[in-house]
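The values are calculated or read from the model by the stated rules, or taken from the named source; none is laboratory data. Here the structure is a predicted model, which is why all the values come from computation and not from measurement. Cβ sites come from the backbone with ideal geometry, for glycine too, and all protein chains shown count toward neighbours. What goes into the accessible areas is simple: the full protein's heavy atoms, side chains included, and nothing from ligands, DNA or RNA. Shrake-Rupley method; radii C 1.70, N 1.55, O 1.52, S 1.80 Å.
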Amino acid sequence: MDTTVGTQPEPTEAPSPRKPIFDLKRAVHKVSTRDGWLGDYDFAWLCTPVLPWMKTKKSRAPPFYALDADLPLLLAIVCGFQHSLAMLAGLITPPIIFASALNLDGSLSSYMISASLISCGILSLVQMSRLHLFGRYYLGTGLITVVGTSFATLSTAFSIFNAMYKTGTCPTITNADGTTSKGPCPDAYGYLLGTSMVCSFLNMGLSFVPPRILKRVFPPIVTGTVIVMIGASLIGESGVLNWGGGSNDCHGRPETGIFQLCPTIFAPKPLPWGSPEFIGLGFLSFVTIILTDIFASPFLKNASIIVGLVVGCIVAGAAGYIDGSSIKTAPAITFLWVHTFKIRVYGPAVLPMLAVYISLAMEAIGDIAASAEASRVAVDGLEFDSRIQGGVLADGIGGFLSACFTNAPLSIFAQNNGVIVITRCANRSAGRWCCFFLILFGILGKLSGVFLAIPNPVLGGVTTFLFASVMTSGMRVLTYLKWNRRDRFILAAALSFGVGNLLVPEWYGHLWDGIDNPSAGLQGFLDSITIILETPFLSSGLVALILNLILPAEEVLESNIVVHEDGNDVDPEAQIADRAHDDPDSIDEKDRDAKKAPIEPVH
């Protein structure tokens with residue numbers, strides 16, 4: 001009998017039976033039994049605060065609920081609500097900043113907040129799906145990858161809006177005392193939406209590029225630099241300015257006009273920009289975030305931003321700083337398209353917005369990898385590559401649809417990965433409940449009025465922390481570098497432009513003064529270049545991208561120096577040479593081979 005063992009076939013995974021779309025028996029069990037509602041999850045652990053006088057004891061960690069696990073109904077609702085709280089501040093901040101930059105009225109500003117919440121809830125459902133299209137291509141990641149209005153758009157939008165005010169596209173009001181101020185310009189937001197719709201096709205195209213090529217073109221040296229500069233720009237352009245009283249014209253402390261005081265002279269309790277009262281309110285919110293993270297329960301730790309807003313608003317309301325008019329005028333119920341904007345394309349903004357969408361693709365790749373790691377699924381291989389492809393495609397389609405929903409471009413929110421890690425729940429049922437709560441928050445129009453009534457210093461103290469978290473995420477990406485001479489050179493060159501532009505924003509203000517009477521097309525192109533150069537993360541990211549592609553990879557020779565216990569460096573080849581000089585017979589064959597062996601380069 002032949003006992004030779006031949007090559008065994010690769011084990012194949014048995015196909016899992018398809019689950020019915022709706023299982024009535026399972027649904028009845030879910031809503032009618034204690035196990036269906038609670039399971040064996042330790043809700044006491046989730047909601048117990050960590051107080052200084054409490055004796056901590058080791059407890060069994062809650063079970064980890066994977067993507068397709070049977071999730072208890074109450075846990076799905078609680079985790080979904082926590083996901084919505086973790087991203088709420090990030091969703092309401094961009095529309096508030098957009099409305100403030102364009103001096104829009106209260107009703108329109110309130111609608112923009114509602115539109116942001118509703119559209120992010122709807123498009124998060126698309127991103128969490130994993131719809132098979134054809135071949136190896138999918139739509140969505142199949143993970144809890146929620147989306148929100150991208151912070152990357154804010155810095156670029158500021159440059160675009162400033163260009164529109166300079167060219168007269170947006171009105172400038174001349175006051176009675178001869179001073180000028182920016183007038184309301186909803187058309188500028190319509191231009192931003194229309195340009196976003198056109199540029200979103202770039203991300204759709206990038207989604208069909210093999211992920212390995214995307215990773216090669218956008219390595220951590222590029223993505224980390226971009227994310228760091230996004231956070232740093234937002235701290236200076238919005239966070240700290242609002243902390244001091246307002247990011248509108250009042251921060252210049254003019255001597256006349258409605259912006260003599262912040263936010264305006266018509267506020268319930270206006271004060272000059274940078275007043276200690278404003279600084280104190282923002283500092284209270286900032287410290288509340290820190291204290292919440294130290295002492296609060298795991299549930300509240302991931303909602304620390306909201307806790308900071310609530311505490312700051314309570315104190316600000318008691319001190320008379322809150323104007324409740326936005327709450328009174330906000331509708332009880334609202335939805336998309338209650339207000340609309342004229343969708344048009346602003347030519348000079350096309351190139352900058354294309355760069356924004358490239359940065360969104362870079363963010364998506366990193367955030368999807370973090371989501372996969374937190375969800376305990378594969379972070380390499382074909383399945384992971386398809387998640388990246390589906391996520392980038394959903395980002396591009398989401399950018400188009402979000403503009404249709406009167407909302408700025410979206411990106412995947414990274415902070416929700418922390419919720420997955422803390423709650424040990426990666427099940428998409430929790431993500432769907434998160435989308436439900438976001439849509440509900442948006443439909444309740446009075447809630448948007450409440451968000452709009454948040455005083456600028458309270459919002460500034462919270463968003464400064466939020467934007468610094470974005471900057472920290474970029475630093476974390478940069479830690480993946482080897483920090484050789486090439487990496488340091490690229491980063492130094494990129495930050496030269498980004499940080500220089502951040503500290504001296506008017507650097508490029510007179511770049512084209514020597515060009516007389518340019519044509520409309522040429523002027524639009526020059527404006528595009530100016531917007532890119534005036535946006536710190538675009539200028540630094542572009543430099544990092546180009547240098548990473550053109551600089552040759554650095555070859556490092558492996559050192560033969562050995563450090564002995566006494567701290568002295570000894571070269572083995574020198575030792576061999578010395579012994580050969582003193583006693584040629586002492587050189588053995590191993591030494592001869594070591595001396596002749598070539599040194600292999602380490603890439």
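How many of the residues making up region 89-111 are aliphatic (A, V, I, L, M) and closer than 17 Å to C170 by Cβ? Walk me through how you get there before you give the answer.
Kept after step one, since they are aliphatic (A, V, I, L, M), are these residues of region 89-111: 89, 91-92, 96-97, 99, 101-102, 104, 108.
Of the ones still in play, those that are also closer than 17 Å to C170 by Cβ are 97, 99, 101-102, 104, 108.
Number of matching residues: 6.
Report yes if some residue within region 450-466 is at pLDDT below 90 and either open to solvent by less than 40 Å² (accessible area, probe 1.4 Å) or not charged (D, E, K, R) (or both); otherwise report no. Steps first, please.
Within region 450-466, the first condition is being at pLDDT below 90, and the residues that meet it are 466.
In the following step, the residues that additionally are either open to solvent by less than 40 Å² (accessible area, probe 1.4 Å) or not charged (D, E, K, R) (or both) were identified as 466.
Yes, because at least one residue in region 450-466 is at pLDDT below 90 and either open to solvent by less than 40 Å² (accessible area, probe 1.4 Å) or not charged (D, E, K, R) (or both).
Return the total of residues in region 233-281 being under 23 Å from F151 (Cβ atoms), among the small types (G, A, S) and surrounded by fewer than 20 Cβ atoms within 10 Å (Cβ to Cβ).
1
What number goes with the only condition from (1) assigned to a helix (DSSP H, G or I); (2) under 30 Å from F437 (Cα atoms) that I144 does not pass?
Exception for I144: condition (1).
With the condition kept exactly as written, say whether any residue in region 289-296 is surrounded by fewer than 18 Cβ atoms within 10 Å (Cβ to Cβ), part of a helix (DSSP H, G or I), without any contact (Cβ under 8 Å) to a residue 40 or more places away in the chain and not hydrophobic (A, V, I, L, M, F, W, C). Outline the logic, then answer.
Step one: filter region 289-296 for residues surrounded by fewer than 18 Cβ atoms within 10 Å (Cβ to Cβ), giving 290-291, 293-295.
So of that shortlist, the ones also part of a helix (DSSP H, G or I) come out as 290-291, 293-295.
Now narrow it down to the ones that are without any contact (Cβ under 8 Å) to a residue 40 or more places away in the chain: 290-291, 293.
Among the residues that remain, those that are also not hydrophobic (A, V, I, L, M, F, W, C) are: 293.
There is at least one residue in region 289-296 that is surrounded by fewer than 18 Cβ atoms within 10 Å (Cβ to Cβ), part of a helix (DSSP H, G or I), without any contact (Cβ under 8 Å) to a residue 40 or more places away in the chain and not hydrophobic (A, V, I, L, M, F, W, C).
Considering (1) more than 30 Å from L102 (Cα to Cα); (2) open to solvent by 50 Å² or more (accessible area, probe 1.4 Å); (3) touching a Ser or Thr at 6+ places or on another chain (Cβ under 8 Å), say which one L133 fails and leave the rest.
Unmet condition: (3).
Is there a residue being open to solvent by 30 Å² or more (accessible area, probe 1.4 Å), part of a helix (DSSP H, G or I) and farther than 28 Å from L478 by Cα anywhere in region 219-230?
no
So for region 273-283 (the condition being touching a helix residue (DSSP H, G or I) at 6+ places or on another chain (Cβ under 6 Å) and free of Cβ contacts under 8 Å to residues at least 40 places away in the same chain), does at least one residue qualify?
Taking every residue of region 273-283 in turn, at least one turns out to be touching a helix residue (DSSP H, G or I) at 6+ places or on another chain (Cβ under 6 Å) and free of Cβ contacts under 8 Å to residues at least 40 places away in the same chain.
So, restricting to helices (runs of 4 or more DSSP H) that lie completely within region 24-108, which ones have at least 3 residues that are open to solvent by 20 Å² or more (accessible area, probe 1.4 Å), modelled with pLDDT of 85 or more and closer than 30 Å to G246 by Cα?
Numbers: elements: 24-32, 34-38, 43-47, 73-101.
Correct list: 73-101.
Restricting to region 297-316, and then to whatever is of a type in the set (S, T, N, Q) and outside any helix (DSSP H, G or I), can you tell me which residue is nearest to C425 (Cα to Cα)? Spell out how you get there, then give the answer.
Of the residues in region 297-316, the ones of a type in the set (S, T, N, Q) are 297, 302, 304.
Filter once more, so that each one left must be outside any helix (DSSP H, G or I): 297, 302.
Working: S297: 16, N302: 14 Å.
The qualifying residue nearest to C425 (Cα to Cα) is N302.
Select from region 159-187 the residues that are among the acidic types (D, E) and modelled with pLDDT under 80 and list them in ascending order.
D177
Could you list, in sequence order, all residues of region 146-178 that are closer than 24 Å to N501 by Cα and either open to solvent by 60 Å² or more (accessible area, probe 1.4 Å) or aromatic (F, W, Y) (or both)?
F151, F158, F161, N162, Y165, K166, T167 - these are the residues of region 146-178 that are closer than 24 Å to N501 by Cα and either open to solvent by 60 Å² or more (accessible area, probe 1.4 Å) or aromatic (F, W, Y) (or both).
Any residue in region 486-504 that is of a type in the set (D, E) sitting within a Cβ distance under 8 Å of a residue that is open to solvent by less than 60 Å² (accessible area, probe 1.4 Å) and assigned to a helix (DSSP H, G or I)? List the pairs, counting only those 6 or more apart or interchain.
D487/I221
Are there any helices (runs of 4 or more DSSP H) wholly within region 323-423 with 3 or more residues that are at pLDDT 90 or above, over 30 Å from K301 (Cα atoms) and touching a strand residue (DSSP E or B) at 6+ places or on another chain (Cβ under 8 Å), and if so which? Give the derivation first.
On the way: elements: 325-329, 350-374, 382-404, 416-423.
Fully inside region 323-423 and qualifying: 382-404.
Just need a number here: residues in region 113-141 that are free of Cβ contacts under 8 Å to residues at least 24 places away in the same chain and part of a helix (DSSP H, G or I).
Number of matching residues: 0.
I'm trying to understand the selection: among the residues of region 238-272, which are in contact (Cβ under 8 Å) with a residue 40 or more places away in the chain, out of contact with any helix residue (DSSP H, G or I) (no Cβ under 7 Å at 6 or more places or on another chain) and not in a helix (DSSP H, G or I)? Walk me through how you get there before you give the answer.
Taking region 238-272 first, the residues in contact (Cβ under 8 Å) with a residue 40 or more places away in the chain are 238-249, 254, 256-259, 262-263, 267-269.
Restricting the remaining residues to those that are out of contact with any helix residue (DSSP H, G or I) (no Cβ under 7 Å at 6 or more places or on another chain) gives 249, 254, 256-258, 267-269.
If the condition is that a residue be in contact (Cβ under 8 Å) with a residue 40 or more places away in the chain, out of contact with any helix residue (DSSP H, G or I) (no Cβ under 7 Å at 6 or more places or on another chain) and not in a helix (DSSP H, G or I), then P254, T256, G257, I258, A267, P268, K269 are the ones that fit.
Here are some conditions: (1) under 24 Å from G236 (Cα atoms); (2) open to solvent by 90 Å² or more (accessible area, probe 1.4 Å). D516 meets all but one. Which one does it not meet?
The one condition D516 does not meet is (1).
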